[in-house]
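Contents: one structure, followed by commentary.
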Amino acid sequence: RKSLKKFFLAPVLLMLLGSAGKSQVKLIPEPVKVTEHPGRFTLPRQITIQAAGTGIAPVTSFLGQKLAVATGYTVKTTGKPSAATIRLILTTKNDPEIGKEGYHLTSSAAGIIIRANQPAGLFYGAQTLVQLLPAEIESHDPVNTVRWTVPHVSITDYPRFEWRGLMFDVARHFFSVQDVKAYIDQMSRYKLNLFHWHLTDDEGWRIEIKSLPNLTKKGAWNIPKVGKFGNFAPSEPGTPRTQGGFYTQEEIREVVKYAQDRFINVLPEVDVPGHSLAAVASYPEISCTPDAVNYQVSSGDANFMDWKPDGIIASIDNTICPANEKAYEFLDKVFSEMAPLFPFGYIHVGGDECAKNFWEKSDAVKALMQREGLKSMHEVQSYFEKRVSAIVNSKGKKLIGWDEILEGGLAPGAAVMSWRGEKGGVEASILKHDVVMSPTSFGYLDYMQGDPATEPLIYASLRLEKAYKFEPVPAGADAKYIKGGQANLWTEQVYNLRHAQYMTWPRAFALSESVWSPKEKKSWKSFIPRVEQQFARFDAAEVKYSPAMYDPVI
Ligand code: TNX
């Protein structure tokens, strides 16, 4: 009899094991610790959120709205713990395990409890809770065909890096305040916390500077052209003669507040001294080149720049002149008005891809080199960066720039964003400068991700699997100075928000996991089904993504 019992029990045990092995919990980014328990908690028709403590209003309002819209249930906040469905609790004694941004979440028959040291942690706990609910929670209308349940689970979670960024280029193509907010909201859902806003480039200047009105009168508008890579504005019937736009300072404040409510810092970028045609066309006196008075803002820097092994050659001088005091007066005005709009401690000043062939021809630059004892064009750019750094510092901010700012010597205290691979970041970290890793090889969202026939015509590709291999601390770096990582969406060939979403997701899921999850918890095999689960959420939310995960490698 005994052996018979064993015989019958074996399949039952296997089944139980099987179901325990099949996780109910599919999250991005993967949390630090997840323990699943049998059973599910069902949301009642009258949901109550217990919330007390300063700074948690944005969390209650995010969660309350999300739940109310999709479930159609009533959601109330309460001070009484015993009556609450969801309890958001700020610890009274600091819990060192979870730090500034971490949280503990438990779901049981008694309800949901999220505990954190700070409101940011409660926000991330709330995001996890939303992902634990059925995909329809993302719907914009009430759905009454699903059971609103959450698996019983205990989660402890906190980020690996403090800088978890996404860059959005609104200069190559303009995106409205509403688009920018939608982009920010989406990134906050995956625990990213830094929005890098690329506000100026050759093709447009996007931020109102009241003391420099031409920047937005002239500099914000360009005439669409089809460019070298087949890119830039499509010349379909109805394409406007000029395209562009800008944000008023009022609108900038509105976006910054919107981001703050999602625990996201906004890093503004003004890209100088290269990539500055829009500024130069608006104020030709900041240039080294007399002909700048005839310049028009034009779509397509790739149309007039040539990348040679020993530097970039431009046929239009799209640079600000390092030997011209007017350039520094200009930047002083720009940063004076920008600094109070952005509470974040850094201002990004670009520094990338500066064509120096017009500097070589300039008598003013030659005189500067003599006076300052500068021996190369790299040293000239370094001189410029140091002066810009002093201006930025005088407004109470620190400077961050693309890795070209390393060439010819870094300004004291400057942070480096490493994009031309990881070398610059490694070098800067050894020099004890803060670094954000953002290499093209893992984080360039403008690159193709699938079949070239359906992707923007661009010179490079970045498959999801490669993006998932992003490791922010490369060999040889001093890890202490690596603040985190980010991915960048350049928009030469990205025309609208849906397109921006398509380029961003799912590759930004890979980013999110590289900067949030413990290194040893990353797994491509477990990632794929979790990505697919997110796709169902995007469908419910009507947010676009690229399904190009399995195509043969290009
Ligand atoms: C390089 S990355 C640039 C951008 C382009 C991008 C296109 C960087 C700092 N500069 O201006 O949009 O390549 O992939």
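Nothing in this text is a laboratory measurement; each read-out follows from the coordinates by a stated rule. Values in this document were obtained by computation on a predicted structure and should not be read as measured data. Neighbour counts run over all protein chains shown; Cβ positions are idealised from the backbone, glycine included.
So here's what we get for this one:
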| quantity | calculated |
| --- | --- |
| Mean Cβ neighbour count within 10 Å, used as a protection proxy, ranking 190-202, 350-362 highest first | 190-202, 350-362 |
| Total charge dipole magnitude, the chain, about the Cα centre, Cβ charges on Lys, Arg, Asp, Glu only, Debye to nearest 20 | 2940 debye |
| Inter-probe distance in nm under a simple model that places probes 7 Å from Cα toward Cβ, at GLU471 and HIS37 | 3.7 nm |
| Spin-label model distance (nm) - ASN294 vs GLU325, 7 Å beyond Cα toward Cβ | 3.0 nm |
| Structure-based [θ]222 nm, the chain - -39500 (n - 2.57) summed over DSSP H runs of at least 4, per residue, nearest 500 | -10000 deg cm²/dmol |
| Filtered trypsin sites (Lys or Arg not before Pro), region 127-176: DSSP coil and at most 15 other beta carbons within 10 Å | ARG147 |
| Size descriptor, Kirkwood hydrodynamic radius, that averages inverse alpha-carbon separations across the chain, Å | 25.1 Å |
| Pairwise Lys count, region 306-432 - Cα closer than 12 Å, eight or more residues apart or different chains | 4 |
| Reachable aspartates and glutamates from LYS33, criterion Cα separation under 17 angstrom, eight or more residues apart if same chain | ASP95, GLU97, GLU101, ASP157, GLU513, GLU520 |
| Alpha-carbon centroids, region 317-355 and region 453-490: separation in whole Å | 27 Å |
| Residue order, fewest to most beta carbons within 10 Å, for THR74, THR319 | THR74, THR319 |
| Farthest positive-ward along the chain dipole, Cα basis, beta-carbon charges - from PRO284, THR35, PRO268 | THR35 |
| Gap separating the Cα centres of region 387-415 and region 51-95, nearest whole Å | 42 Å |
| Region 25-157: Cα Rg divided by the 2.2 N^0.38 Å rule of thumb | 0.98 |
| Surrounding net charge for VAL75, when Lys and Arg each add one and Asp and Glu each subtract one, Cβ distance under 13 Å | +3 |
| Efficiency of FRET from Cβ geometry, LYS423 and ARG147, R₀ 45 Å, rounded to 0.05 | 0.30 |
| Region 55-151: relative contact order as a whole-number percent, Cα under 8 Å and 6+ apart | 31 percent |
